[in-house]
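Below is one structure; the comments refer to it alone.
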Amino acid sequence: MIYICEKLKITSPIIQGGMGNISNAQLTAAVSEAGGLGTIGCGTMTPKEVENIILETKQLTNKNFAINIAISVSPYVNELLKLIIKHNIPIVSLSAGNPVPYIPLLHEHGVTVIALVASVKHAQKAEEAGADILVAEGFEAAGINSNLELTTFTLIPQVVKHVKVPVVAAGGIGDGKGLAAALMLGASGVQIGTRLIATKEAPFHHVYKQNLVEASDTETMIIGRSVGRLRRILKTPYAMKLDELDKAGMTMEQFSEMTSEKQHIKGAIEGDMENGFINSGQIAGLIEDIPTVKELIDEMMIEAENRMTRTSQELKRLLGK
């Protein structure tokens, strides 16, 4: 935990997940200002669009922040790498694809590389290629998901066991209890996404935030099984249409069109739940309020400490110490 905080120059071991085309400077800066690591997710945005967010973020904070490139999603990977070098971005996370070809170039320019993995095999390959930190993401996570369907609780200890670099836990985490659990599983920190949607600084539609606050434990669903492209989203009228088509057997073209960033923006930014979808992890069932980012991160740290202290004391009593 201390290592990644020192390595990333943050005070809380909490990383913002990449949010694709709805990524923005306000939330990224707020996370970094609160002591975590804010992240700009590139999604399918053009290099110019990403550059504008980088410049705006730098106006809002002088703290470290990261850039996330979803390798198999973005058509501009090489251009984005040049942009990262141009603006001296200190940290890059690579997801949704093979990070190996890009790590040497990033290291050549002093960039810390975080690689998102979904299995022990992926983790070992990323470590061998030189990734500085791994984010192991369980099936509970929002958005594009791994077909391997490994849960966070089982994935983290296995990855930690087989690699030497620090591992950050992602998927189903959004409070201090989750942070404490991740640390007990051997993680050095956590990456969160859905919980940050429901914060005051997040410039998303109030309908999106309210849906998260009102969500039950069974409010998310997986779509894309028929085409082998899994995505976890919140149950909405549009999501139910997708589910029906998925079960009937939709084509890859249909799925790609109906889950495009355009449809995501309709739901997340415009609040149109009839014609757009909203990503959500299973943590939605635990979201009950809309705090500031600082309030959220501070509370997570305090709650994690309290939970770990109390558990340690109880174990000592049981062991007769």
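Among Ser23, Ser32, Ser74, which is under 20 Å from Ile10 (Cβ atoms), surrounded by 23 or more Cβ atoms within 10 Å (Cβ to Cβ), modelled with pLDDT under 95 and of a type in the set (Gly, Ala, Ser)? Criteria check complete, one pass: Ser23. Against the list (1) touching a Leu at 6+ places or on another chain (Cβ under 8 Å); (2) more than 20 Å from Arg225 (Cβ to Cβ), the condition Thr154 fails is (1).
Within the bounds of region 282-293, is there any residue that is closer than 28 Å to Phe204 by Cα, in contact with a Leu (Cβ under 6 Å, 6 or more places away or on another chain) and not in a helix (DSSP H, G or I)? For region 282-293, residues closer than 28 Å to Phe204 by Cα, in contact with a Leu (Cβ under 6 Å, 6 or more places away or on another chain) and not in a helix (DSSP H, G or I): present.
Looking only at region 243-265, filter to residues that are in a loop (DSSP other than H, G, I, E, B) and in contact (Cβ under 8 Å) with a residue 24 or more places away in the chain; which one of those is surrounded by the fewest Cβ atoms within 10 Å (Cβ to Cβ)?
Let us first name the residues in region 243-265 that are in a loop (DSSP other than H, G, I, E, B), namely 249-251, 259-260.
With in contact (Cβ under 8 Å) with a residue 24 or more places away in the chain added as a condition, the list becomes 250-251, 259.
Working: Met250: 19, Thr251: 11, Thr259: 21.
Filtering region 243-265 for residues that are in a loop (DSSP other than H, G, I, E, B) and in contact (Cβ under 8 Å) with a residue 24 or more places away in the chain, the one surrounded by the fewest Cβ atoms within 10 Å (Cβ to Cβ) comes out as Thr251.
When Arg232 is tested against (1) among the charged types (D, E, K, R); (2) in contact with a Ser or Thr (Cβ under 6 Å, 6 or more places away or on another chain); (3) without any contact (Cβ under 8 Å) to a residue 24 or more places away in the chain, just one condition goes unmet, and that condition is (3). The set of residues in region 35-71 that are in contact with an Asp or Glu (Cβ under 6 Å, 6 or more places away or on another chain), modelled with pLDDT of 95 or more and over 21 Å from Glu295 (Cβ atoms) contains only Pro47. Filtering region 266-309 to residues that are surrounded by 16 or more Cβ atoms within 10 Å (Cβ to Cβ) and either aromatic (Phe, Trp, Tyr) or under 16 Å from Leu242 (Cα atoms) (or both) leaves Lys266, Gly267, Asp272, Met273, Gly276, Phe277, Ile278, Asn279, Ser280.
Quick check on region 199-220. Is at least one of its residues outside any loop (DSSP other than H, G, I, E, B), free of Cβ contacts under 8 Å to residues at least 40 places away in the same chain and surrounded by fewer than 19 Cβ atoms within 10 Å (Cβ to Cβ)? Scanning region 199-220, I find at least one residue that is outside any loop (DSSP other than H, G, I, E, B), free of Cβ contacts under 8 Å to residues at least 40 places away in the same chain and surrounded by fewer than 19 Cβ atoms within 10 Å (Cβ to Cβ), so the answer is yes. Filtered by the rule that a residue be outside any helix (DSSP H, G or I), farther than 19 Å from Arg307 by Cβ, within 11 Å of the chain's Cα centre (by Cα) and of a type in the set (Val, Ile, Thr), region 138-195 gives a lone residue, Ile144. Selection of region 266-281 for residues being in contact with a Ser or Thr (Cβ under 8 Å, 6 or more places away or on another chain) and either part of a helix (DSSP H, G or I) or touching a residue at least 60 places away in the same chain (Cβ under 8 Å) (or both) yields Gly267, Met273, Ile278, Asn279, Ser280, Gly281.
The values are calculated or read from the model by the stated rules, or taken from the named source; none is laboratory data. Everything numeric in this text was worked out from a predicted model, so none of it was measured. Because the Cβ atoms are built from the backbone with ideal geometry, glycine has one as well, and the counts that use them run over all protein chains shown.
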